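Engineer: The structure is given below, and queries will be raised subsequently.
The values are calculated or read from the model by the stated rules, or taken from the named source; none is laboratory data. Predicted model, so just to flag it, every value in this text is computed and none were measured. Virtual Cβ from ideal backbone geometry, glycine too; neighbours counted across all protein chains shown. Side chains included, ligands, DNA and RNA excluded: accessible areas come from the protein's heavy atoms. Shrake-Rupley method; radii C 1.70, N 1.55, O 1.52, S 1.80 Å.
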Amino acid sequence: MALYSEKVMDHFTNPRNVGKIDDADGVGTVGNAKCGDIMKIYLKIENDIIVDVKFNTFGCGSAIASSSMATELIKGKPLADALTLTNKAVAEALDGLPAHKLHCSVLAEEAIRAAIKDYYDRNGIEYDKTKFPDPSDEDEHHFEED
Ligand code: FES
């Protein structure tokens, strides 16, 4: 059996929504301390709907495929839906990732949350702080594998 699904290979070789949104309403950057990979997500938000999303990922193939799939999953969706997106859902949408690569999909979940948090902070919108990473970690959130 191939190590990576066809969907992973497709999103890695032909990633969707790559780039930057200059007038983004929220930007989230996260990094994985172990591998050094970095993911940045840009959101354009209107009336609580994610009308556009772009990403830049300096990282492994699984991180790029996860970013691409995650952006597809949240585009056009309400913020509340994007906040419930888990790395598991991203990995499932890719028809699975090898166990030792699951942490790569966590970067996508974390980057989206960080971008939404940035949007809330910029606009003075109240949110449950326990559901978001520590602000002092905002630009360098370290994910630890369990
Ligand atoms: Fe670093 Fe995949 S190995 S995110």
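Engineer: Apply the Karplus curve 6.51 cos²θ - 1.76 cosθ + 1.60, θ = phi - 60°, to the phi angles in segment 81-93 and return the couplings in whole Hz, x for Gly and Pro.
Structural biologist: Karplus values, whole Hz, x for Gly and Pro: 5, 4, 5, 8, 5, 9, 5, 5, 5, 5, 5, 5, 5.
Engineer: In percent, how large is the relative contact order of segment 57-131, given Cα pairs closer than 8 Å and 6 or more residues apart? Please list the in-between numbers first.
Structural biologist: Working: 52 pairs, mean separation 25.7, N = 75.
Relative contact order comes out at 34 percent.
Engineer: Toward the positive end of the charge dipole of segment 3-62, about the Cα centre and with charges on Cβ (Lys, Arg +1; Asp, Glu -1), which of Asn56, Ile21, Gly36 goes farthest?
Structural biologist: Checking the options against the dipole of segment 3-62, the answer is Gly36.
Engineer: Ordered by residue, what ³J(HN,Hα) values in Hz, to whole numbers, does segment 50-67 give under the Karplus form 6.51 cos²θ - 1.76 cosθ + 1.60, where θ = phi - 60° and Gly and Pro are x?
Structural biologist: Residue by residue, segment 50-67 yields 7, 7, 8, 8, 9, 9, 10, 10, 9, x, 6, x, 5, 5, 5, 4, 5, 4 Hz.
Engineer: Magnitude of the Cβ-charge dipole of segment 5-49, K/R +1 and D/E -1, about the Cα centre, nearest 20 debye? Working shown, then result.
Structural biologist: Values: 6 positive and 8 negative charges, 52 e Å.
Magnitude of the dipole: close to 240 debye.
Engineer: For the chain, give the percent of accessible area contributed by carbon and sulfur heavy atoms, probe 1.4 Å, rounded to a whole number. Write out the running numbers ahead of the final one.
Structural biologist: Working: 3820 of 7540 Å².
With neighbouring chains kept in place, the figure for the chain is 51 percent.
Engineer: Out of the DSSP beta bridges found with both residues in the chain, what percent are antiparallel (nearest 5)? Display every interim value, and only then the final one.
Structural biologist: Details: 16 of 19 bridges.
The antiparallel fraction comes to roughly 85 percent.
Engineer: Can you bin every Cα-Cα distance in segment 27-79 into 10 Å intervals starting at zero and give me the percent of pairs per bin, rounded to whole numbers?
Structural biologist: Per 10 Å bin, starting at zero, the Cα-Cα P(r) for segment 27-79 comes out as 26, 49, 21, 3 percent.
Engineer: For the chain, count all C-alpha to C-alpha pairs, find those more than 25 Å apart, and express that count as a whole percent of the total. Provide the component values of the computation, followed by the final result.
Structural biologist: Values: 2150 of 10585 pairs.
Every Cα pair in the chain considered, those over 25 Å come to 20 percent.
Engineer: Would you mind telling me which residue in Asp81, Asp25, Asp128 has the biggest mean-square fluctuation in a Gaussian network model of the chain, where springs connect alpha carbons within a distance under 10 angstrom?
Structural biologist: Asp128
Engineer: Long-range amide H contacts for Lys77: which residues qualify at under 5 Å (H placed 1.01 Å from N, peptide plane, sequence gap of 5 or more or a different chain)?
Structural biologist: Correct list: Ile50.
Engineer: Using Cα-Cα distances under 8 Å and only pairs 6 or more residues apart, what relative contact order does segment 35-87 have, in percent? Spell out each step's value before the answer.
Structural biologist: Numbers: 65 pairs, mean separation 17.5, N = 53.
Reported relative contact order: 33 percent.
Engineer: Another question, then. Can you tell which of Asn32, Asn123, Asn14 shows the greatest fluctuation in a Gaussian network model of the chain with Cα springs below 10 Å?
Structural biologist: Asn123
Engineer: Given the options Lys131, Lys88, Lys117, which has the most mean-square fluctuation in a GNM of the chain, springs set between C-alpha atoms less than 10 angstrom apart?
Structural biologist: The residue that fluctuates most here is Lys131.
Engineer: OK, next. Restricting to Cα pairs below 8 Å that are 6+ residues apart, what does the relative contact order work out to for the chain? Please round to a whole percent.
Structural biologist: Details: 270 pairs, mean separation 44.4, N = 146.
Answer for the chain is 30 percent.
Engineer: Still on this model: With a point put 7 Å past each Cα toward its Cβ, work out how far Glu46 is from Arg122 in nm, to one decimal.
Structural biologist: Reported label-point gap for Glu46 and Arg122 is 1.6 nm.
Engineer: Scanning the chain for GluC sites (Glu not before Pro) in DSSP loops with at most 12 other Cβ atoms within 10 Å, what's the longest stretch left with none? Intermediate results must be reported in sequence, preceding the final value.
Structural biologist: Working: sites that count: Glu126, Glu140, Glu144, Glu145.
My reading of the result: 1-125 is the longest stretch.
Engineer: I've got another one for you. Taking the 0 to 90 degree range and rounding to the nearest ten, how far is the long axis of helix 102-123 tilted relative to the main principal axis of the chain, both from C-alpha atoms?
Structural biologist: The helix 102-123 is inclined about 10 degrees to the chain.
Engineer: Nothing charged except the Cβ atoms of Lys and Arg (+1) and of Asp and Glu (-1): what's the magnitude of the dipole of the chain about its Cα centre? Round to the nearest 20 debye. Don't skip to the answer; put the middle values down first.
Structural biologist: Working: 16 positive and 27 negative charges, 77 e Å.
Around 380 debye, computed over the chain.
Engineer: Under the 0.36 nm per residue contour assumption, what length would be gained going from the current alpha-carbon distance of Lys129 and Thr84 to full extension? Don't jump to the answer; show the numbers that get you there.
Structural biologist: Numbers: separation 45, 0.36 × 45 = 16.20 nm, distance 1.51 nm.
Stretched fully, the Lys129-Thr84 segment lengthens by 14.7 nm.
Engineer: Share of Cα-Cα pairs in segment 70-121 beyond 19 Å, in percent? If you can, show how the numbers build up before the last one.
Structural biologist: On the way: 318 of 1326 pairs.
Considering segment 70-121, 24 percent of its Cα-Cα pairs are separated by more than 19 Å.
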